[in-house]
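Data block below; observations after.
The values are calculated or read from the model by the stated rules, or taken from the named source; none is laboratory data. Please read these numbers as outputs of a predicted model, since none were measured by experiment. All Cβ positions, even for glycine, are placed from backbone atoms using ideal geometry, and neighbour counts span all protein chains on display.
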Amino acid sequence: MILSAKFLHNAASENRNNSILVRLNSPTGASNPDRRPIVLGLAIDRSWSMKGEKLEAVIQAASSLVNWLTRRDFLSVTAYAEDIHVIQPIIQLVEKSSIINRIHTIVPGTSTNLSGGWLNALRGLELFSDSTVYKRAILLTDGNPTQGITDPLDLIQIASDHYKKGISTTVIGFGDDFNEILLKDIADAGGGNFYYIESPEGTGDIFFREFGDIGSLYAQSIETKIEFAKDVEFVELMSDLAFYTEMDPKEPSRIRSVILQCGDMRADDIRNIVLRVKTHPERLIHNSENESGISITSTFYNLSDKMKLETIVSKLEPDWKSVSSKEDADVIVESIVAKSGKTLKKASSLMKEGSLEEASKFLSALIQDVEDRIELAPEVMGSLKSRLETLESKIRENAKTAGK
């Protein structure tokens, strides 16, 4: 595992707002260094029968799946009820946060057009022309189709036909009242697997069993501790990670450390952590401990080495002599990506409250931020901008409908 960090402004000759990008890079899996990229078509049941805990479990499972995959893989997300919503067309997972947040905007509908959502996912996989990838559709459902194609034999035939084209189907059943016989038959005919899941906590094991070495797990229970010297002040964690802080025993009002729970990582993956800080060069004068910058320590269990507990460290110090105003493009891009996750969560909350115009304003401001910096990473930022604009357009349409 490689641990690295850098400032937005490495030059810090004066007090200024700043950002830090901490990055974890896991190595390519030794057992399968040239594994094929995965292309998944995810079809999520959002029918009325899924309302409540089941839909929440599906959303959490889908989010876990996005995190499970690496940046080499591709994903599409379709949500279905009485109609079909394309949450995300097939895209390479170079940026995961906004996709996860879009999944969290899914709300229940009425009837269950299972065939419509599933066929939409299958169609996207069929049109994906790269023959070197591994294609699979995943149905997350309670398996009670009430609209579209409902005949079990027809649904089984769909699975069989697409399996012959190199596209398999795995089915994950949720809750206590799913049609187990139908779902198992679809998975068997589609060359995939069938799983029952009662709660989101079980998804990690399912995905590991489903993909094995294709998405092999490298590090588990990653904890990252970032310690701040007196010249760097912690302001805010931008990334969507669980964390807690430790105060400086000598200065009880100062945050000395931030400890983050970074979850698990597969081989050949990247985990980015973005923090907002302030740099204070004047504090160096009174710093008898002669410390500067930040110290980072990550611990994790290495699954490729018999669950050995490993520790890696990194140190980052600002350049106090430089007066350059140059900004690091990589930090800018990842900061905007992290900001988009928070903005989408806020917009989603406002949408559920019925504050559609307010949600649209938040998204408009974020879209402008992305547009202003799009030349720094055209592929990543362009994709993010497109998804944000699509969501904003839907919000505006809903606002018009609600106003009639």
Q | Positions within segment 289-316 being more than 25 Å from the chain's Cα centre (by Cα) and within 16 Å of ARG256 (Cα to Cα), in sequence order | A | GLU289, ASN290, GLU291, SER292, GLY293, ILE294, SER295, LYS315, LEU316
(Q) Yes or no: segment 313-329 includes at least one residue that is within 16 Å of SER4 (Cα to Cα) and in a helix (DSSP H, G or I). (A) yes
Q) If you scan segment 135-151, which residues turn out to be of a type in the set (A, V, I, L, M, F, W, C) and not in a loop (DSSP other than H, G, I, E, B)? A) ALA137, ILE138, LEU139, LEU140
Q: Just give me the residues in segment 301-319 being at pLDDT below 95, surrounded by 13 or more Cβ atoms within 10 Å (Cβ to Cβ) and either farther than 25 Å from ASP231 by Cα or among the hydroxyl-bearing types (Ser, Thr, Tyr) (or both), in sequence order.
A: TYR301, ASN302, LEU303, SER304
Q: Go through segment 62-80 residue by residue and tally those that are part of a strand (DSSP E or B) and surrounded by 24 or more Cβ atoms within 10 Å (Cβ to Cβ).
A: 4
Q.
Quick check on SER4: is it of a type in the set (S, T, N, Q), within 25 Å of the chain's Cα centre (by Cα) and modelled with pLDDT of 95 or more?
A. yes
Q) If you check GLU126 against the conditions, is it over 15 Å from THR141 (Cβ atoms), more than 21 Å from the chain's Cα centre (by Cα) and assigned by the TED database to the domain that holds THR169? A) yes
Q: Kindly list the number of the only condition in (1) aliphatic (A, V, I, L, M); (2) over 21 Å from the mean Cα position of the chain (by Cα); (3) surrounded by 14 or more Cβ atoms within 10 Å (Cβ to Cβ); (4) within 28 Å of HIS9 (Cα to Cα) that fails for VAL323.
A: (3)
Q. When residues of segment 245-277 are filtered for being out of contact with any strand residue (DSSP E or B) (no Cβ under 7 Å at 6 or more places or on another chain) and either among the hydroxyl-bearing types (Ser, Thr, Tyr) or closer than 21 Å to SER340 by Cβ (or both), how many remain?
A. 2
Q | Residue count, segment 326-353 (criterion: modelled with pLDDT under 80, of a type in the set (S, T, N, Q) and crowded, with 17+ Cβ neighbours inside 10 Å) | A | 1
Q: Report yes if some residue within segment 124-131 is modelled with pLDDT under 85, surrounded by fewer than 24 Cβ atoms within 10 Å (Cβ to Cβ) and either touching a Phe, Trp or Tyr at 6+ places or on another chain (Cβ under 7 Å) or not charged (D, E, K, R) (or both); otherwise report no.
A: yes
Q) When residues of segment 81-134 are filtered for being assigned to a loop (DSSP other than H, G, I, E, B) and of a type in the set (Lys, Arg), how many remain? A) 1
(Q) Given the criteria more than 30 Å from ARG266 (Cβ to Cβ) and at pLDDT 90 or above, does ALA365 qualify? (A) yes
(Q) So LEU356 passes all but one of these: (1) in contact (Cβ under 8 Å) with a residue 60 or more places away in the chain; (2) of a type outside the set (Val, Ile, Thr); (3) crowded, with 20+ Cβ neighbours inside 10 Å. Which condition number does it fail? (A) (1)
